[in-house]
Amino acid sequence: MPTLSMFYGIIVRMFREKGGKHNLPHIHAMYSGKEAVVTLEGDVLEGGLPSNKMKLLVAWIEIHKDELEANWQTLSDDGTYFKIAPLK
């Protein structure tokens, strides 16, 4: 699963689950042993992070939504991806 970005201890990854349980575009965010699966709209599908980290993640998703959607497409098409700037 490619790592797209890291900020404030949060690691953001994405991969395409063809035929998987999440058919809509989403990311996997890890922080201190916890994981959340979050849509590109900011909705939690599974798991969770501490509330302060989740707020940072949702803000980052909003800022980089176009880049996340482009990564979802390229990962789906040919497996390539690009890094996304961290939250500063």
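Each value in this text was obtained by applying a stated rule to the coordinates, not by laboratory testing. Keep in mind that this is a model prediction, so the values were computed, not measured. Positions of Cβ are generated from backbone atoms using ideal geometry, with glycine treated the same way; all protein chains shown enter the neighbour counts.
So which residues in the stretch 48-73 are under 17 Å from residue 28 (Cβ atoms) and of a type in the set (S, T, N, Q), if there are any at all? Residue satisfying the conditions is 71 alone. Only one entry of 49, 75, 57, 68 meets the criterion of being surrounded by 14 or more Cβ atoms within 10 Å (Cβ to Cβ), part of a loop (DSSP other than H, G, I, E, B) and not small (Gly, Ala, Ser), and that entry is 49. If the condition is being touching an Asp or Glu at 6+ places or on another chain (Cβ under 9 Å) and among the aliphatic types (A, V, I, L, M), then the stretch 56-80 contributes only 61.
So for the stretch 17-25 (the condition being surrounded by 15 or more Cβ atoms within 10 Å (Cβ to Cβ) and within 10 Å of the chain's Cα centre (by Cα)), does at least one residue qualify? Among the residues of the stretch 17-25, at least one is surrounded by 15 or more Cβ atoms within 10 Å (Cβ to Cβ) and within 10 Å of the chain's Cα centre (by Cα), which makes the answer yes.
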